[in-house]
Amino acid sequence: MKSIVLSSVVTALLVFSGCSSKEPAVDTKAQEIEAPVAQEVEVVETETVSAEDSMVESQANATAGTMSMADVEAQLPVVYFAFDKFNIDTAMQEKISAAATLGKNDASTYSVKLEGNCDEWGSDEYNFALGLKRADAVKKALVAEGIDTSRISMVSYGESNPVCTDKTQDCWAKNRRVNFKLLP
Amino acid sequence: MKVFFSLLFFINILFAGDATIEVVKKADSLPSIAVEDASINYDETFRMQFFKSLVADLNVISLFNVDRHRRVTHYNNTDVLVENKDMNYVLRYSMSEDDDRALNVVMKLLQSGEEVFSKSYKVSQQNIYMFVSHAMAYDVNEFMGEPSVEWMKRKVIFSRIIGPQKSEIVIADYTLAYQHIIINGGFNVFPKWANRAQNAFYYTALDASVPTLKHVDIRKSQITDIVSSDGMMVCSDVSDDGKTLLLTMAKSGQPDIYTYNTETKKYKRETTYGGIDVNGQFMDRNTIVFVSSRLGYPNIFSKKLNTNEVEQRVYYGRSNSACSAHGEYIVYKARESSNAFSPNTFNLHLISTKTDFIRRLTAVGVNEFPRFSKDGDAIIFIKNYKSQSSIGIIRLNHNKNYLFPLKYGKLQSMDW
């Protein structure tokens, strides 16, 4: 009797452990469920909100100091980061120092917006936070170089603002970056 | 022998209704159903569209083996078609257009030739026919006495990236057959329904001077600024009563979770860790789960609001960067491989806070952004696989996944 009980338990355990590692049945008929039409239908019921299409901040090229904003911006670096990291390496620190020098001279009348970006690994909030921590690391480095914190704002675009869309390691490395955008 | 049976009985009780346990081999025993089209108006193309939509919905409710042949009959015929005489159920419907060009549908469910259920539907325009087919499947499911599939009738809201710093916010049905672009132009992400009635939503505008959370009242076509934060601003979750928001904000460059009271308009910082805390989701009124890097990699933690009590919830996986909770269940995204070119990079897993089981819910591709339905019956998620972005639905208790591909663009985030 004891052995029957034991073997039953073992069998039950095997059955359940087997269950937990099995793949769920993926429905191969997904194509048939595919939307018959994905047309952009017109206004339906009461669901209408006027298109919000005038939100982009204008960034006119105001002239100030000795160089135009576009000229200064062209000299500002792009700071790159390692996978899943937001610390600044030595090479990037030199670029930031050069940017800070520019910020104290030719660009002294401008503010800067630091745009943090990530590669396409994930579209979740964590990726946005990673982009932000990158922008924040650059901000701290700029402040350490003597740039007034009130001149620096930040935004994270997560993976939504790629400069390269190929599926290669090189391409993704280009997307893990912080851009400098000057504001009047 | 008594011991043996009582042991089996105990195991049975223990695992009954546990969603982390998979149901296998259930499909063989499902009753069969055929669908008969008795429509009066409309051309063949539209009739076929409606038929396909209905068959798809009947498949998703997972109660039947659905016959995929479309057969035409008269609505009042007393007998089912000869080809369908061996079916357990026959669903017969008729579409007709009235003088206002509204789409009217009547349907009846026949069991062994006897009518057991009937209902009629009307929508003002033909092009939202899919909501009728969803409602029909919902009603059939209700008639069969199964747990509610109310999520079928709910609307999905998602943001779609269409270019660098360009996105659209779209309202759709759960199959994406119906799509209405509600916010066009600009760079707007993380839409989130503001209430159960789905007549308002929040989203983040990234092209404002500072990332700003906005509220849209759909009925009044009114957009209101709620709160802004330098660096990052996301509405991660809304409480059931719509009065408390879980926000991820980055006051002074530090991403943390805040609660925001929509009545007093005041926010409160809930996490204070110096790394990354994001993706707050209500487990219940006073407990949240969230993603934190406090172990040096992203993982899932929970916190009781108004206390400092933080608890690690997931012990599997080295990179778990998104989650959603419903009661005792937590679904999370785990990185499976550090090789970005592996076909299998991110999968969703389900755990229960009451057992040690982990159930893997997806198999290939990048699977992310899981969200429980309000009733916990299903999980919706984003799947990116081979340059194709899709919305996926997992029916936990039926062990089935369904995918609905997006025609263009890439899904950024969504809610339902």
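The values are calculated or read from the model by the stated rules, or taken from the named source; none is laboratory data. Being a predicted model, the structure only gives us computed values, none of them experimental. All Cβ positions, even for glycine, are placed from backbone atoms using ideal geometry, and neighbour counts span all protein chains on display.
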Exercise. Going by the structure shown, is B:Thr204 under 15 Å from the mean Cα position of the chain (by Cα) and either at the interface with chain A (Cβ under 8 Å from one of its Cβ atoms) or surrounded by 24 or more Cβ atoms within 10 Å (Cβ to Cβ) (or both)?
Worked result: no
Exercise. Could we say that B:Asn397 is within 11 Å of chain A (Cβ to nearest Cβ), over 10 Å from the mean Cα position of the chain (by Cα) and at pLDDT below 90 here?
Worked result: no
Problem set entry | Odd one out for B:Ile380, checked against (1) within 11 Å of chain A (Cβ to nearest Cβ); (2) in contact (Cβ under 8 Å) with a residue 60 or more places away in the chain; (3) in a strand (DSSP E or B); (4) within 22 Å of A:Glu120 (Cα to Cα) | (1)
Exercise. Going by the structure shown, is B:Ser221 on the phi > 0 side of the Ramachandran plot and surrounded by fewer than 17 Cβ atoms within 10 Å (Cβ to Cβ)?
Worked result: yes
Exercise. Restricting the stretch B:352-377 to residues that are more than 18 Å from the chain's Cα centre (by Cα) and not in a strand (DSSP E or B), which is surrounded by the most Cβ atoms within 10 Å (Cβ to Cβ)?
Worked result: B:Phe357
Seminar exercise, completed: Residue hits (the stretch A:153-168; in contact with a Gly (Cβ under 6 Å, 6 or more places away or on another chain) and more than 7 Å from chain B (Cβ to nearest Cβ)) are A:Gly158
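Given the condition among the charged types (D, E, K, R) and within 14 Å of chain B (Cβ to nearest Cβ), answer yes or no: does some residue in the stretch A:95-102 qualify? So that I can check it myself, show each step before the final result.
Our first condition is that a residue be among the charged types (D, E, K, R); within the stretch A:95-102, this holds for A:95.
Still in the running and within 14 Å of chain B (Cβ to nearest Cβ): none.
Looking through the stretch A:95-102, none of the residues is among the charged types (D, E, K, R) and within 14 Å of chain B (Cβ to nearest Cβ).
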Exercise. When you go through B:Arg101, B:Arg71 one by one, which is the residue that is within 21 Å of B:Thr45 (Cβ to Cβ), in contact (Cβ under 8 Å) with a residue 12 or more places away in the chain and touching an Asp or Glu at 6+ places or on another chain (Cβ under 8 Å)?
Worked result: B:Arg71
Exercise. Under the condition of being surrounded by 22 or more Cβ atoms within 10 Å (Cβ to Cβ) and in a loop (DSSP other than H, G, I, E, B), which residue from the stretch B:161-175 is farthest from the other protein chains (Cβ to nearest Cβ)?
Worked result: B:Tyr174
Problem set entry | Among (1) modelled with pLDDT of 90 or more; (2) touching a helix residue (DSSP H, G or I) at 6+ places or on another chain (Cβ under 7 Å); (3) over 22 Å from A:Phe86 (Cβ atoms), the one test that B:Glu311 misses | (2)
